[in-house]
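The values are calculated or read from the model by the stated rules, or taken from the named source; none is laboratory data. Computed from a prediction, not measured in an experiment: that's the story for all the values here. Note that each Cβ is placed from the backbone with ideal geometry, even for glycine, and that neighbours are counted across all protein chains shown. Each accessible area value is taken on the protein alone, full model and side chains, heavy atoms only, with ligands, DNA and RNA left out. Shrake-Rupley method; radii C 1.70, N 1.55, O 1.52, S 1.80 Å.
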Amino acid sequence: MASTSAEPASVGDGSAPDVTPEQIMQLGMGFWGSKTLLSAIELGVFSALAGGPASEQDLRKRLGLHERSSRDFLDALVALGMLERGGDGYRNTPATDLFLDRAKPSYVGGMLEMANARLYGFWGSLTEALQTGELQNEAKGGGEDLFSALYKDPERLRGFAAAMSAISTGAALAIAEKFPWDRYQTFCDIGAAQGAVPVHIATRHPHLTGIGFDLPPLEPIFDDFVAGFGLQDRVRFQGGDFFADPLPKVDVLVMGHILHDWGMDEKRKLLRSAHEALPDGGALIVYEAIIDDERRENAFGLLMSLNMLIETQQGFDYTGADCCGWAAEIGFRESYVEPLVGPDSMVVAVK
C-alpha cells in the first residue's frame, strides 16, 4: 500500500505558505482510530485492565484476540492515547480507567457501545441521506423505528438509557452548578431516561425535589438508578408522553437532547407545552450540542445534526439564536445561552 505522506507543496505564485495534506488525510481516515476504540470498548479492554497492568499474552487470552492482531491492536491504542505501556505491560490511562471501565459509576461507554452497534454502520449511508433527505437507520424502507424497537426490548432499553446518561452527565453537572437553583424549589427533567440529570441536580441542591418524566417502560430503570443514589425521597418518576400529555407543573423544566429529534412543528409544540406548564417566573432549560450562531466552530453540533438526518424523519440541531427566537415567539419573556461542557450549551428561557 502506498504511503499517504507528502512533501509540503507550494501554491500559487510562491507567496502563499506551504501546505500539506496532513489534516485532510487525518480527517479522511479518522474512522480507523474511531473503530479501534469502539472495538476496544466492545471487547472490554479497559475493564480487563481496571485491576492493573497486563501483558500482551494475558490480554490476548482474556479478550479472545488472535495472535496476528493483538500487538498491533494494543499498540494502536497506546499511540491513540487510550492505553499506556511500560515494563509491566499495558495499563489504562487515568481517563480510560475512570470513564471506560464498565464496573465504575463514571462509565460513559454506553453511548459508544450504541455507536459501535448501530451508528457506525448507518453512517456508511450518509451520502444517500445527503442526496435523499431520508433517514438511514432501522426504519429505512418502512422498517420499525428505533424507539418502537427499543421499548419492546427491556434489555436494549436499559442499554439505551445508560447511553443517554453517558452523554448527559457532564452537562447535568454543569447545569447543577451554573443555573440559579436557589431561586426555585421544584424541577422536572423531560425525557429523563435513566435519571442522570435529576440525580445530579438533586444531589448538588438538597432543597430541591424533582421528577423524571418519560414513557412508562422507563420507570423501573429510573427507580433503580435513583435508589442507587439514595434519592428516592426527593426524586420520583412520572410516566407520560410529552406530545400527548400535559407536562408536570414545576418551577423549572429541563429538556436535554430532545428538541433536535424533531422537525419545526414538533419543536414549537414542545416549547409551547413547557410555557403552558410553567408558572410566571418559571424557567425552561434546553440543552444539547447547540450550534454556534455563526455555524463555524461547534463541529460536534453540526455533525450531530447530520446524525439526526441519519436517525430521524425531520430532526435537526440548531443555534442558540434559533432557540431563543422560538422561545420569544412562544411567549417566554427573556432567554440567554450559556456554555456547559465540551460542545454542549444550554438555552434558559424565563416565562
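Ser106 meets the conditions (1) of a type in the set (Ser, Thr, Tyr); (2) open to solvent by 30 Å² or more (accessible area, probe 1.4 Å); (3) assigned to a helix (DSSP H, G or I) in every case but one. The failed one is (3). Residues in region 193-215: is at least one open to solvent by 40 Å² or more (accessible area, probe 1.4 Å), part of a loop (DSSP other than H, G, I, E, B) and charged (D, E, K, R)? No, because not a single residue in region 193-215 is open to solvent by 40 Å² or more (accessible area, probe 1.4 Å), part of a loop (DSSP other than H, G, I, E, B) and charged (D, E, K, R).
All of (1) part of a loop (DSSP other than H, G, I, E, B); (2) touching a Ser or Thr at 6+ places or on another chain (Cβ under 8 Å); (3) modelled with pLDDT of 95 or more hold for Ala50 with one exception: (2). Of the residues making up region 174-187, those that are out of contact with any helix residue (DSSP H, G or I) (no Cβ under 8 Å at 6 or more places or on another chain) and over 19 Å from Val341 (Cα atoms) are Asp182, Arg183, Tyr184, Gln185, Thr186.
What are the residue pairs meeting all of these: first residue in region 109-120, first residue closer than 11 Å to Met164 by Cα, second residue open to solvent by 40 Å² or more (accessible area, probe 1.4 Å) and among the β-branched types (Val, Ile, Thr), Cβ atoms under 8 Å, and 6 or more apart or on different chains? Hits for this filter: Met111/Ile167. The criterion of being open to solvent by less than 20 Å² (accessible area, probe 1.4 Å) and assigned to a helix (DSSP H, G or I) does not hold for Leu231. Beta carbons closer than 8 Å, at least 6 apart along the sequence or on distinct chains, pair a first residue in region 145-161 that is free of Cβ contacts under 8 Å to residues at least 40 places away in the same chain and more than 19 Å from Trp262 (Cβ to Cβ) with a second that is of a type outside the set (D, E, K, R) and in a helix (DSSP H, G or I) for Arg156/Ala149; Arg156/Leu150.
Restricting attention to region 53-63, the residues that are open to solvent by 50 Å² or more (accessible area, probe 1.4 Å) and in a helix (DSSP H, G or I) add up to 5. Quick one: in region 155-192, of everything that is more than 16 Å from Gly109 (Cα to Cα) and among the aromatic types (Phe, Trp, Tyr), which residue is surrounded by the fewest Cβ atoms within 10 Å (Cβ to Cβ)? Only one residue fits best here, namely Tyr184. Taking region 64-96 as the range and being crowded, with 18+ Cβ neighbours inside 10 Å and part of a helix (DSSP H, G or I) as the test, the residues that pass are Phe73, Leu74, Leu77, Thr96.
Tally time: how many residues in region 295-323 are under 13 Å from Trp262 (Cα atoms) and among the aromatic types (Phe, Trp, Tyr)? Count: 2. Of the residues examined, Ala196 is not one that is closer than 20 Å to Tyr287 by Cβ, at pLDDT 95 or above, small (Gly, Ala, Ser) and under 22 Å from the mean Cα position of the chain (by Cα). Taking Met111 as the residue in question, decide whether it is in contact with a strand residue (DSSP E or B) (Cβ under 9 Å, 6 or more places away or on another chain) and open to solvent by less than 70 Å² (accessible area, probe 1.4 Å). No. Checked against the criterion of being over 21 Å from Gly263 (Cα atoms) and touching a residue at least 40 places away in the same chain (Cβ under 8 Å), the candidates Leu100, Leu126 yield just one match: Leu100.
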